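Peer 1: If you scroll down you'll find the structure; I have some questions about it.
The values are calculated or read from the model by the stated rules, or taken from the named source; none is laboratory data. On a predicted model such as this, the values are computed, not experimentally measured, just so you know. Glycine gets a Cβ as well: all are built from the backbone with ideal geometry, and neighbour counts include every protein chain shown.
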Amino acid sequence: MDLGRTELRDFKPDGLTFRIIGAAMAVHSKVGPGLFESIYENSLCIELDRREISYERQKRFPVHYDGEHVGELIADLVVEEKVIVELKSVKDLLPSHGAQVIAYLRAARLKRGLPINFNVVSHKTGIRRISV
């Protein structure tokens, strides 16, 4: 991962992100807000399996500084090797949550990410689309 500057681009929804968001909304409508992130992760994985959407859980990405390995980042989900999904159960999605997804995208060399907050009354307010 290069620690240089990344600029956000307009995120253009596509079929895959639409399907991921649909699965997350189904989980939110069935489970509701206020639970641990791990419960939402487990539930979302069940929903993705039912919709035949492939994913990897807790995917690790190396981080380098000046060519030296300095650690790794662990993304909650990487869907179809294209979209990083970071799950939250917080009062509000903060700019730091977006920065976290950007860091993961850069480490993974992917372009699209979805921080999804399940601790909201209306799930539409808990989804951000990020593209780098």
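Peer 1: Among the residues of the stretch 58-66, is there at least one that is among the β-branched types (Val, Ile, Thr), surrounded by 15 or more Cβ atoms within 10 Å (Cβ to Cβ) and under 16 Å from ARG106 (Cβ atoms)?
Peer 2: Yes, the stretch 58-66 has at least one match.
Peer 1: Report every pair of residues separated by at least 6 positions or lying on different chains whose Cβ atoms are under 9 Å apart, first residue within the stretch 79-92 and closer than 9 Å to ASN117 by Cβ, second among the β-branched types (Val, Ile, Thr).
Peer 2: What qualifies is LEU87/ILE116; LYS88/ILE116; SER89/ILE39; LYS91/VAL120; ASP92/VAL120; ASP92/THR125.
Peer 1: Looking at (1) outside any strand (DSSP E or B); (2) modelled with pLDDT under 95; (3) in contact with a strand residue (DSSP E or B) (Cβ under 8 Å, 6 or more places away or on another chain); (4) more than 20 Å from ARG129 (Cβ to Cβ), which one does GLY34 not meet, given that it meets all the others?
Peer 2: Result: GLY34 fails condition (3) only.
Peer 1: Would it be correct to say that LYS82 is surrounded by fewer than 18 Cβ atoms within 10 Å (Cβ to Cβ), within 20 Å of LEU44 (Cα to Cα) and basic (Lys, Arg)?
Peer 2: Judged against the criteria, LYS82 is a match.
Peer 1: Can you tell me which residues in the stretch 38-96 are polar (S, T, N, Q) and under 12 Å from the mean Cα position of the chain (by Cα)?
Peer 2: If the condition is that a residue be polar (S, T, N, Q) and under 12 Å from the mean Cα position of the chain (by Cα), then GLN58 is the only one that fits.
Peer 1: In the set ILE21, ILE46, ILE116, which member is surrounded by fewer than 21 Cβ atoms within 10 Å (Cβ to Cβ), of a type outside the set (Phe, Trp, Tyr) and in contact (Cβ under 8 Å) with a residue 24 or more places away in the chain?
Peer 2: None of the other options fit; the residue is ILE21.
Peer 1: Looking at the stretch 60-76, which of its residues are part of a strand (DSSP E or B) and of a type outside the set (Asp, Glu)?
Peer 2: ARG60, PHE61, PRO62, VAL63, HIS64, TYR65, HIS69, VAL70, GLY71, LEU73, ILE74, ALA75
Peer 1: Which of the residues belonging to the stretch 24-41 are within 18 Å of ILE84 (Cβ to Cβ) and either of a type in the set (Val, Ile, Thr) or exposed (fewer than 13 other Cβ atoms within 10 Å of the Cβ) (or both)?
Peer 2: Correct list: VAL27, SER38.
Peer 1: Among the residues of the stretch 28-37, count how many are under 15 Å from the mean Cα position of the chain (by Cα) and of a type in the set (S, T, N, Q).
Peer 2: 0
Peer 1: Could you tell me which numbered condition PRO95 fails, if it satisfies all but one of (1) exposed (fewer than 11 other Cβ atoms within 10 Å of the Cβ); (2) on the phi > 0 side of the Ramachandran plot?
Peer 2: (2)
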